[in-house]
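Visitor: My questions all concern the structure below.
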């Protein structure tokens, strides 16, 4: 409950931003304002992931959703994305889908 109150105060702009040692970037950086995901995983992310790294995940998650044609509200897709999120932040990293190529690669540059 204490974290929820602190998060609310953060959102209202009455509190200084918090810093975390980001496990993804391996540096001190601005932390998230509220846990971005429910449960234990959301708490781990809140305490160990920076806003910058979270934005990196959102970009990666978009790639996964698009390339694998996932429907995020389906339980199987949510379970897959949760596993990839765990790997992205706390495991060996979540890899791009095998068929994924950047726009530069598609143009041959």
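Visitor: Considering each of 52, 84 in turn, give the residue that is at pLDDT 95 or above, surrounded by 15 or more Cβ atoms within 10 Å (Cβ to Cβ) and within 15 Å of the chain's Cα centre (by Cα). Let's see the steps before the verdict.
Guide: Working: 52 fails: surrounded by 15 or more Cβ atoms within 10 Å (Cβ to Cβ).
Checking each option against the conditions leaves just 84.
Visitor: I'm checking my understanding of the structure. Among residues of segment 1-49 that are in contact with a strand residue (DSSP E or B) (Cβ under 7 Å, 6 or more places away or on another chain) and either assigned to a helix (DSSP H, G or I) or more than 22 Å from residue 82 (Cα to Cα) (or both), which one is modelled with the lowest pLDDT?
Guide: Residue satisfying both the conditions and the ranking: 17.
Visitor: Can you find even one residue in segment 10-20 that is loosely packed, with under 14 Cβ neighbours inside 10 Å and under 26 Å from residue 96 (Cβ atoms)?
Guide: Within segment 10-20 (the criterion being loosely packed, with under 14 Cβ neighbours inside 10 Å and under 26 Å from residue 96 (Cβ atoms)), the answer is no, since none of the residues qualifies.
Visitor: Restricting attention to segment 63-74, does a residue exist that is under 11 Å from the mean Cα position of the chain (by Cα), surrounded by fewer than 13 Cβ atoms within 10 Å (Cβ to Cβ), at pLDDT 95 or above and at negative phi?
Guide: Within segment 63-74 (the criterion being under 11 Å from the mean Cα position of the chain (by Cα), surrounded by fewer than 13 Cβ atoms within 10 Å (Cβ to Cβ), at pLDDT 95 or above and at negative phi), the answer is no, since none of the residues qualifies.
Visitor: While we're here: Within segment 63-92, track down each residue that is in contact with a helix residue (DSSP H, G or I) (Cβ under 6 Å, 6 or more places away or on another chain) and not in a helix (DSSP H, G or I).
Guide: Result: 70, 71.
The values are calculated or read from the model by the stated rules, or taken from the named source; none is laboratory data. All of these numbers come straight from a predicted model, not from anything done at the bench. Note that we place each Cβ from the backbone using ideal geometry, even for glycine, and neighbour counts take in every protein chain shown.
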